[in-house]
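Sharing a structure below in structure tokens format, with a few things to ask.
What follows is calculated from the coordinates using simple rules that are stated; it is not laboratory data. Note that the coordinates shown come from a computational prediction; the quantities given were computed from them, not determined experimentally. Every residue, glycine among them, receives a Cβ derived from its backbone with ideal geometry; neighbour counts consider all protein chains shown.
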Amino acid sequence: MIYLDNAATTALDPEVLDAMLPYMREYYGNPSAGYAFGRQSKSAIETARRSVAQLLGVKPTTIYFTSGGTESNNTAIAAAIGTLGCTHIITSPIEHHAVLNTVEHYSKTRNISYSLVKLTETGEVDYADLEKQLADWTAAGHKCFVSLMHANNETGSLLNINHVAEICRKRQALFHADCVQTIGHYPLNLQEMGVHFASAAGHKFHGPKGTGLLYIAAEIKADPLIFGGGQERQMRAGTENVYGIVGFARALELALAGFEKESIYIAELNAYMRESLLAVIPGISFNNPQHSLYTVLSVCFPGTDNGNLVAAFDRLGICVSGGSACSTDDDGGSYVMQALGKTGTCTTIRFSFSRYNTKAELDEAVLAAHSLLVTQPQ
């Protein structure tokens, strides 16, 4: 099998598993228990929190562990509406469904208005339109909440977070950055970036599935999404996923320690795949803007049969995606590609890479693509 869908999930790093195993086998006490066995688990969580906070340039008290990016996104949006009094949300048409569906839900159930920021021709956020919308909605008496992803999970388009944060500051708007595709892939200082909320998921950078975090800036007071016990400093009820939290912290530590070398290697794989495809398949194009996430290559192949092409790659033992693992519509199309006006003109396949991929694997994938494009009906 050749796995080229690392934007969907990544292989668990063996060192991460080694860090997790003691908390599965030996130190399995409930962290809320008052005895020493439970306190060992609690200590592991707080050690992980301090490690993650240091790596992200923030205070440990601003880090809350969750089950992943979806829960973190939901919590940020719910807090903005329920606790912080936001009455209008600005997002984009190419956000993850964990944002778009949640915004639509609150629009229907809480009578919250929302609008979608315009995109440029290359699929990037139109900052002038964002600034205008914030000015207009603020002037109309609304407190605004902006939720935008740092890197799009299909095209890799990157958001200028610092610029968006500055725009939001001018209008006293709250800003949530969905950093699921970038935390663990870039060294980020969340405090310097000026975001109020940020989301991450461990399985995107060789950590365990079912783990994530929500950063909430120190000045923000938010209510929980999940009620019950007092875990995570009253912010998230439920017995903590101790070994998952330990694994998340270790994965982030390893990812950032290896960033300089591994990001260069992965970017080289990305460029190699692009050049190899261009050399053998006439008529292809790419959806990535000039400045984009180095792990993702979004390719427009001639023809429009997306679902069949993904299945054909699968039959050859190559794992690719027709879009995001969480965003492909039932008809095989991607709402992101629809928003960019790319459907009906080509078949979009997303290749996404990790440090475990090799050029030899990419050579096989390119040969497979050439074979499939020759034999597939156009």
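Setting aside same-chain residues fewer than 8 positions from residue 170, which lysines have a Cα under 30 Å from its Cα?
Hits, sequence-local ones excluded: 59, 108, 118, 132, 143, 221.
Taking the alpha-carbon distance from residue 342 and a cut-off under 12 Å, which aspartates and glutamates remain once sequence neighbours fewer than 8 residues away in the same chain are dropped?
121
Using the number of other C-beta atoms within 10 angstrom as an exposure proxy, rank 209, 342 with the fewest first.
Placing the least packed residue first, the sequence is 209, 342.
Let me ask something else about it. Can you run phi through the Karplus equation (6.51, -1.76, 1.60; θ = phi - 60°) for segment 8-22 and list ³J(HN,Hα) in whole Hz, with x for Gly and Pro?
7, 6, 10, 5, 5, 5, x, 5, 5, 4, 4, 5, 7, 4, x
Ranked by Cβ crowding within 10 angstrom, fewest neighbours first, how are 199, 67 ordered? Walk me through the numbers on the way to the answer.
On the way: 199 31, 67 18.
Fewest to most other Cβ atoms nearby, the residues stand as 67, 199.
Choose one answer from 239, 343, 295: the residue with the largest mean-square fluctuation in a GNM of the chain with alpha-carbon springs under 10 Å.
Residue with maximal mean-square fluctuation among 239, 343, 295: 239.
Using packing as a proxy for protection, rank 58-64, 105-111 so that the peptide with the highest average count of other Cβ atoms within 10 Å comes first.
Output ranking for 58-64, 105-111: 58-64, 105-111.
Here is a follow-up. What distance in nm separates the two pseudo spin-label positions at residue 9 and residue 25, each 7 Å out from Cα along the beta-carbon direction?
Reported label-point gap for residue 9 and residue 25 is 2.4 nm.
Taking only Cα atoms and a 10 Å spring cutoff, compute GNM fluctuations for the chain and point out the largest among 177, 33, 151.
Of the options given, 33 has the highest mean-square fluctuation.
In whole Hz, with x marking every Gly and Pro, tabulate ³J(HN,Hα) for segment 210-219 from phi via Karplus 6.51 cos²θ - 1.76 cosθ + 1.60, θ = phi - 60°.
x, 10, x, 9, 10, 8, 10, 3, 4, 7
Starting from the Cα coordinates of segment 1-93, work out the convex hull volume and express it per residue in Å³.
Once divided by residue count, the hull of segment 1-93 is 173 Å³.
Can you sort 349, 94, 220 from fewest to most other Cβ atoms within 10 Å of each residue's own Cβ?
In increasing order of surrounding Cβ atoms, one gets 220, 349, 94.
Between residue 367 and residue 120, what's the calculated FRET efficiency when r is the beta-carbon distance and R0 is 35 Å? Round to 0.05. Present the calculation step by step, with values, prior to reporting the outcome.
Details: r = 35 Å, r/R0 = 0.99.
Efficiency at R0 = 35 Å is approximately 0.50.
Another one. Kindly rank 356-369, 137-150 from highest to lowest mean number of other beta carbons found within 10 Å of each residue. Write down the numbers at each step before the final one.
Details: 356-369: 16.9, 137-150: 20.2.
Taking the mean over residues of other Cβ atoms within 10 Å, the ranking is 137-150, 356-369.
Could I ask something else about it? From the helices alone, meaning DSSP H stretches of at least four residues, give me the mean residue ellipticity at 222 nm for the chain, per-run term -39500 (n - 2.57), in deg cm²/dmol to the nearest 500.
Result for the chain: -13000 deg cm²/dmol, rounded to the nearest 500.
Given R₀ = 25 Å, FRET efficiency for residue 356-residue 286 by Cβ-Cβ distance, to 0.05? It would help to have the intermediate numbers written out before the result.
Values: r = 23 Å, r/R0 = 0.93.
The value I calculate is 0.60.
Moving to a separate point now. Give me a comma-separated list of calculated 3J(HN,Hα) values for segment 253-261, in order, Karplus coefficients 6.51, -1.76, 1.60 applied at θ = phi - 60°, integers in Hz, x for any Gly or Pro.
Each residue of segment 253-261 in turn: 4, 5, 4, 6, 5, x, 4, 4, 6 Hz.
Take every DSSP beta bridge with both residues inside segment 1-151 and express the antiparallel ones as a percent of the total, to the nearest 5.
Percentage antiparallel, nearest 5: 10.
Hey, got a sec? Which chymotrypsin sites (Phe, Trp or Tyr not before Pro) in segment 6-63 land in a DSSP loop and have at most 12 other Cβ atoms within 10 Å?
Numbers: sites: 23, 27, 28, 35, 37; in loops: 27, 28, 35.
Of the chymotrypsin sites (Phe, Trp or Tyr not before Pro), the ones in loops of segment 6-63 whose Cβ has at most 12 other Cβ atoms within 10 Å are 35.
Let me ask something else. Over the chain, consider all pairs of different Cα atoms and compute the Kirkwood hydrodynamic radius from their mean reciprocal separation; express it in Å, one decimal.
One decimal place: 21.6 Å for the Kirkwood radius.
Still on this structure, please answer the following. Of all DSSP beta bridges in the chain, what percent run antiparallel (nearest 5)?
55 percent
At each listed q (0.11, 0.14, 0.23 Å⁻¹), what is the log10 of I(q)/I(0) that the Debye formula gives for segment 90-175 modelled as equal alpha-carbon point scatterers?
-0.28, -0.46, -1.21
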